[in-house]
Each structure stands twice: as structure tokens, then as C-alpha cells.
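The values are calculated or read from the model by the stated rules, or taken from the named source; none is laboratory data. None of these values were measured; they are calculated from a predicted model. A quick note on method: Cβ atoms are made from the backbone with ideal geometry, for glycine too, and the neighbour counts reach across all protein chains shown.
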Ligand SMILES: O=C(O)CCC(=O)C(=O)O
Ligand SMILES: [Fe+2]
């Protein structure tokens with residue numbers, strides 16, 4: 001999985017059972033591709049670009065976040081056939097109840113979601129209902145360089161970013177399901193004229209998988225929390241100004257209501273080191289500012 005010897009993502013042709021999904025994928029936080037799972041879903045015929053957008057806009061519990069639509073409760077369930085393992089996951093007490101979301105991505109050709117990881121240690125199950133998307137997943141054991149204190153990778157040349165990283169590159173085709181474990185970086189490009197995928201997200205209450213990115217995320221969130229609640233009005237003001245200046249891309253959140261339980265507890269020294277490591281990315285941030293501006297312009301238009 002290093003550099004040129006890029007392996008393929010573990011792939012099966014039938015949905016795993018609940019126990020198998022937990023044991024081999026969800027507990028270990030390893031990705032999985034299930035081919036052709038949604039081939040017979042009514043949604044494949046029913047969901048047509050303009051009509052689906054209009055329908056989602058008309059539903060009271062669905063919010064249009066610009067890059068995707070999101071609901072905290074089930075929507076359009078009559079159009080899908082949720083696999084049993086997923087039903088069990090979403091109703092299990094191993095996950096935080098308020099972490100479950102239903103998200104809909106309705107994207108035209110060449111829509112790009114740049115490298116990031118989903119915050120709040122979110123697990124994502126995606127089904128490509130229509131069209132095709134090219135995904136690159138990067139392991140949280142070989143994290144990408146990020147803008148300071150964020151979950152967004154520096155907008156740099158992809159070949160350079162992926163050098164010496166453990167990654168999978170593949171197409172998610174019509175009917176395929178993908179399990180994206182927490183803190184795996186991903187970038188996604190829509191490949192057909194009409195591309196529709198549905199996501200379910202959830203956060204486990206507990207994890208024993210302590211990757212490099214997991215440590216960084218715990219430290220980064222710990223620091224952000226201490227800035228937000230600092231006794232110094234100046235620190236609080238700097239924090240608020242920085243948060244306001246950051247793009248709210250798809251509402252990818254900042255607040256961790258209740259952080260996942262894990263054996264990792266960063267020391268004060270680790271937090272201080274993290275602070276300075278994040279600042280070390282300031283030169284790269286400045287160098288890539290033109291890319292940030294052009295990406296934000298595109299995001300604004302979607
Ligand atoms: O489908 C896309 O363009 C991006 C999907 C994504 O980032 C996610 O599901 O977390
Ligand atoms: Fe994402």
C-alpha cells in the first residue's frame with residue numbers, strides 16, 4: 001500500500017452480516033467495498049436530479065447544506081432497501097444516538113470534494129445510487145498535512161500528497177456500497193452527468209484503534225476547546241475570528257458534543273507539541289492560498 005504498490009480496497013459481492021461487519025471492518029476501522037448491493041433499489045429509477053432536489057427541499061426535516069442535503073431522521077426510506085447489518089448498526093447502543101445522519105449528495109460531472117476527513121470520528125456508509133464517483137482513501141496511519149487545526153488537507157498536487165502514503169483508489173459504481181472508517185482522508189470526483197449517493201454517518205461510543213490521525217484529532221480538539229473556553233478574552237476572540245473565517249464546507253462540524261472514549265489521553269506536553277506542529281503548517285498555508293481561494297469559489301457555486 002506504499003507509493004506505487006497501491007493495493008485494492010477489500011471487496012465483497014454480498015453485504016456482510018452484522019457480526020462480520022463489526023469484527024473485520026467497524027471494530028478494526030478498515031474500509032470495505034460491497035459491489036452491486038443496491039442494484040434493485042427503487043431509488044435507482046425514482047431519483048432523478050431535479051426532482052430529487054425539489055423533493056429534498058420540500059421535506060421539513062431536511063437541510064440543504066450546499067454541498068449535500070442532511071437529515072437527522074430517516075427520509076425517503078421507501079426508495080431504499082437498507083442492508084440488515086446497517087439497520088443493526090444504526091439501532092445499536094454501541095453508537096452515539098445523536099451522531100446518526102442521513103446525507104444526500106446530488107452532484108454533476110467533475111464535482112470535486114477535496115481531501116479531508118469527517119470530524120467527530122464519523123463512520124460513513126455510502127451507497128452510489130446513480131452515476132459513478134472516483135474515491136481516494138488515505139489511511140489515518142499515514143495522515144496528510146492539514147491546514148492548521150483543521151480536518152482539511154493542504155490543497156497541493158495529489159501525486160506529491162500521496163507519496164509514501166497508504167491509500168486506495170477506486171471507482172464507486174452504480175449500486176456499490178462503501179464503508180469509510182473514522183479519520184480516513186478522502187477525496188471524491190463525480191464521473192457521470194448525474195451522480196447521486198446517499199450516506200449514513202455514525203460515531204462509535206468507544207474505540208481501541210489509536211492511529212496517528214486519531215491522536216492528532218484528539219489533541220487538536222482538546223486545544224480548540226481550551227481556546228474557546230480560555231480565561232483570556234484575547235484568546236477567545238482570536239479563536240472566534242479564526243472559526244468565522246474558516247469555510248463551513250458542508251457544515252462539517254467543529255463541536256464535539258461527547259468525544260469518543262479511547263485509551264488515548266494526551267498529556268499537557270503532547271498538547272503543547274501539537275500546538276507548535278500545527279503552526280509549522282503556516283508557510284504551506286500561505287503558499288497554497290491561491291488554491292484555497294479557487295476551491296472556495298467552486299464550493300460557493302454548488
Ligand atoms: O461524495 C462526495 O463528493 C464526498 C463524500 C464525503 O466526503 C463523505 O461522504 O464524507
Ligand atoms: Fe467526507
| Among the residues of the stretch 158-165, is any assigned to a strand (DSSP E or B) and within 16 Å of ligand 1 (Cβ to nearest atom)? | no
| field | Wholly enclosed strands (runs of 3 or more DSSP E) of the stretch 18-82 bearing at least 2 residues within 16 Å of residue 124 (Cβ to Cβ) | value | 32-34, 69-71
| Hey, any hits in the stretch 247-267 for a residue that's away from ligand 1 (no atom under 16 Å from the Cβ), in a strand (DSSP E or B) and modelled with pLDDT under 95? | yes
| request: Only one of these is more than 16 Å from ligand 1 (Cβ to nearest atom), modelled with pLDDT of 95 or more, more than 14 Å from the chain's Cα centre (by Cα) and under 18 Å from residue 181 (Cα atoms): 88, 97. Name it. | output: 88
| task | For residues that are more than 22 Å from residue 163 (Cα to Cα) and more than 13 Å from ligand 2 (Cβ to nearest atom), scanning just the stretch 116-139, find the one that is surrounded by the fewest Cβ atoms within 10 Å (Cβ to Cβ). | result | 132
| field | Enumeration of residues in the stretch 229-246 that are outside any loop (DSSP other than H, G, I, E, B), more than 24 Å from the chain's Cα centre (by Cα) and surrounded by 13 or more Cβ atoms within 10 Å (Cβ to Cβ) | value | 235, 236, 238
| query | Looking at (1) within 15 Å of ligand 1 (Cβ to nearest atom); (2) in contact with a helix residue (DSSP H, G or I) (Cβ under 6 Å, 6 or more places away or on another chain), can you tell me which one residue 187 breaks? | reply | (2)
| field | Cross-chain or 6+ apart pairs with Cβ under 7 Å, the stretch 172-193 first and within 23 Å of residue 13 (Cβ to Cβ) and part of a strand (DSSP E or B), then away from ligand 2 (no atom under 16 Å from the Cβ) and at pLDDT 95 or above | value | 172/132; 177/34; 177/37; 177/38; 178/33; 179/25; 179/32
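Conditions tested, residue by residue: (1) in contact with a helix residue (DSSP H, G or I) (Cβ under 9 Å, 6 or more places away or on another chain); (2) under 30 Å from residue 294 (Cα atoms); (3) free of Cβ contacts under 8 Å to residues at least 60 places away in the same chain; (4) within 16 Å of ligand 1 (Cβ to nearest atom).
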site: 75; (1), (2), (3), (4): yes, no, yes, no
site: 116; (1), (2), (3), (4): yes, yes, no, yes
site: 124; (1), (2), (3), (4): no, yes, no, yes
site: 132; (1), (2), (3), (4): no, yes, no, yes
| field | Selected residue (only one of 113, 142 is surrounded by fewer than 21 Cβ atoms within 10 Å (Cβ to Cβ) and within 12 Å of ligand 2 (Cβ to nearest atom)) | value | 113
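The rows are residues; the columns are (1) within 26 Å of residue 38 (Cβ to Cβ); (2) away from ligand 2 (no atom under 16 Å from the Cβ); (3) surrounded by 22 or more Cβ atoms within 10 Å (Cβ to Cβ).
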{"residue": "172", "(1), (2), (3)": "yes, no, yes"}
{"residue": "191", "(1), (2), (3)": "yes, yes, no"}
{"residue": "205", "(1), (2), (3)": "no, yes, no"}
{"residue": "213", "(1), (2), (3)": "no, no, yes"}
| request: Taking residue 65 as the residue in question, decide whether it is on the phi < 0 side of the Ramachandran plot, at pLDDT below 95, surrounded by fewer than 20 Cβ atoms within 10 Å (Cβ to Cβ) and more than 11 Å from ligand 1 (Cβ to nearest atom). | output: yes
